[in-house]
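The values are calculated or read from the model by the stated rules, or taken from the named source; none is laboratory data. A quick note: this is a predicted structure, and the numbers were derived from the prediction, not measured. All Cβ positions, glycine included, derive from the backbone under ideal geometry; neighbour counts span all protein chains shown.
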Amino acid sequence: MPSLVPNPASPAPAAAHGAVPRLTLWLRAVMAVAGLVTLTTAVLFFGIDHFVALRFSSLREGRLKQVVTQTQRAVAGQFTELASIATMLANDRDLVNSTYYHLRRGGGRVLPQETFHLKSVTLWDAGDHLIAEAGRDGPVPLMFPHAGQKVRVKLAWIGGKVWLVAVAALRRDGDFLAHIQLARPLLPLLHHVAWGATIQLAGTGPPPPGMVRASIAPNANPPIALDVTTPDEAKLALASIKQVLAPVMAVSGLLLVVGIAIFLRRLLRPIQDLIRAAGAVGRGEFGLTVSETGSAEVAQLIAAFNQMSLGVKRLRDLEREVAHREQLSAIGRVAARVAHDLNNPMTVINSVARLVLKRQDIDGSLTEDMQRILHHCERSITTIEALLSYGRPVALRRREVNLPELVADIGRGWRVHHPRIGLELPIVEPPLVVSVDPYRIEQVLDNLLDNAGAAGRHIRLSVGEADGRCFIRVIDDGPGFSAEARDHLFEPFFTTKTGGTGLGLASSVAIVRAHGGDLSLSDTIPNMVTVWLPKREP
């Protein structure tokens, strides 16, 4: 197995020649936060600008529609007002008499200089000839020749301007005398429609940006329309707000980045301890741990490092244990060869001693000596056979069995030969099928039960599964294993029993591991031994 201790001659990755310097985690985090804050601030700023401007635009559109409606109503009101003035003047007796005498006798002022603040007032005879006019803008051509008795009102283009014109007939004693025509420019009449609104005559093309077109005389030649707009006060206010909002958001974002940078500096401080500890573990100081401080995530990282460090230490210990086992295996092979060489002489000594005992001419002292020789020969042969068995590879004859039923059968067989020991057998149900060599498992359990019976007077066998494996547990009511015994219990030739060979548990471990399992002692229950076996693959 390769060693876990790092090679001192190999340079650390960070110190490699020509390595490109990397940004620290803190600096990367601060840069990422700064970028995120900048992006968020920009999105918020332009988002507020967009949505607020959109909302104000909607309000302005509603305001424009309202102004257009007011303009159209104002135009209709001016139509009515001018028609009323024309009707009133047509029924004015003084004006009618003045017109009559002017037409019959000639001379004299017919119209006053200012009449209802009209820009143009003209009087036309029956032949549609101008007979009198008053106003500051000069005469306006007659819009309704031969108007008859009705009052006519219309909008008309005159001199590049739009005029509101009304014509009414003057009569005296039922006879037609003349037409009186009143005229006002339209645009000055609409200045009072809405405060701050701008109203202008529409051109032939589409309305300018920000203006709404209102058609008021589509049948005129050319058609008459007005372009209406209102000042975008919300846009001006929003521009002022943005001038204040931009530096406020920039300063807030900068303060946020500084605060997060300070927080991250304190948050990542435990990682420096973790870096130093990682370097120490890399130098071979396995099992080194770091205090779990900092935030939950950093504490979890440190806890994971501590587990890794302890795991590496356990792996290092396991490496040493495997090396120790390899040494013991080599010793076992040597012992098996020695045992094989000693087996034949011991067999000869045993046979000779038995032949001597069969003779009739030997005395009592020789018989006692021969029996002592036989006793020690049998002990030596038993040890030699155990050594031979331990040194051979474990050959398995697997078959699928119900593990609880197999363990119960083995327990019942062992209980027949040990009636004074109380043995609690496992529950057979539910079935737990495994692929094992039943006779080898019986050999393992006989060894464990013999040890448990020598330590206590009651034994409990149990079978189950945990962590994806099957287990057989042997628990006795004895004092359990001492600390020294636990360190050497599975080593060959180590025993705590008088007259024991120290090969029972060592052979049991070899058999269980040949099955792909393991044999372990409990850390919490001192008198419990567990046999782990792999589950049958589906």
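For the range 52-105, enumerate the residues that are closer than 24 Å to residue 183 by Cα, part of a helix (DSSP H, G or I) and among the charged types (D, E, K, R).
Initially, the range 52-105 is screened for residues closer than 24 Å to residue 183 by Cα, giving 68-100, 102-103.
Narrowing further to those that are part of a helix (DSSP H, G or I): 68-90, 93-100, 102-103.
Of everything in the range 52-105, those that are closer than 24 Å to residue 183 by Cα, part of a helix (DSSP H, G or I) and among the charged types (D, E, K, R) turn out to be 73, 81, 93, 94.
Results for (1) surrounded by 14 or more Cβ atoms within 10 Å (Cβ to Cβ); (2) part of a strand (DSSP E or B), shown as yes or no for each residue.
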| site | (1), (2) |
| --- | --- |
| 178 | yes, yes |
| 183 | yes, yes |
| 189 | yes, no |
| 209 | no, no |
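Exactly one residue out of 268, 310 is surrounded by 17 or more Cβ atoms within 10 Å (Cβ to Cβ) and more than 25 Å from residue 45 (Cβ to Cβ), and it is 268.
Answer yes or no as to whether residue 500 is part of a loop (DSSP other than H, G, I, E, B), more than 54 Å from the chain's Cα centre (by Cα) and modelled with pLDDT of 80 or more. Against the criterion (part of a loop (DSSP other than H, G, I, E, B), more than 54 Å from the chain's Cα centre (by Cα) and modelled with pLDDT of 80 or more), residue 500 does not qualify. Out of 431, 404, one residue alone is farther than 27 Å from residue 478 by Cβ, in contact with a Leu (Cβ under 9 Å, 6 or more places away or on another chain) and not aromatic (Phe, Trp, Tyr). It is 431. Counting only strands (runs of 3 or more DSSP E) that sit completely within the range 353-471, those holding 2 or more residues that are modelled with pLDDT of 80 or more, over 26 Å from residue 521 (Cβ atoms) and assigned by TED's automatic domain parsing to the domain that holds residue 506 correspond to 399-402. Would you call residue 134 surrounded by 15 or more Cβ atoms within 10 Å (Cβ to Cβ) and modelled with pLDDT of 85 or more? No, not satisfied. Would you confirm, using the coordinates I've provided, whether residue 29 is modelled with pLDDT of 80 or more and not polar (S, T, N, Q)? Here the answer is no, as residue 29 does not meet what is asked. Would you check if residue 255 is free of Cβ contacts under 8 Å to residues at least 60 places away in the same chain and exposed (fewer than 12 other Cβ atoms within 10 Å of the Cβ)? Taking the combined requirement at face value, the residue satisfies it.
Residues satisfying the criterion are present in the range 239-247 (criterion: modelled with pLDDT of 80 or more, assigned to a helix (DSSP H, G or I) and on the phi < 0 side of the Ramachandran plot).
Scanning the range 282-301 for residues that are among the charged types (D, E, K, R) and either assigned to a loop (DSSP other than H, G, I, E, B) or farther than 15 Å from residue 268 by Cβ (or both) yields 283, 285, 292. Restricting attention to the range 137-169, the residues that are modelled with pLDDT under 75 and among the aliphatic types (A, V, I, L, M) add up to 1. How do the pairs read when you match residues in the range 463-491 that are farther than 20 Å from residue 445 by Cβ with residues anywhere that are among the aliphatic types (A, V, I, L, M) and modelled with pLDDT under 90, using Cβ under 8 Å and keeping only pairs 6 or more apart or on different chains? Hits for this filter: 479/455; 486/521; 491/328; 491/506. Going through (1) outside any strand (DSSP E or B); (2) hydrophobic (A, V, I, L, M, F, W, C); (3) free of Cβ contacts under 8 Å to residues at least 40 places away in the same chain one by one, residue 225 falls short only on (1). Just so you know, in the range 271-289 the residues that are farther than 21 Å from residue 29 by Cβ and of a type in the set (Val, Ile, Thr) include one that is surrounded by the fewest Cβ atoms within 10 Å (Cβ to Cβ), and it is 289.
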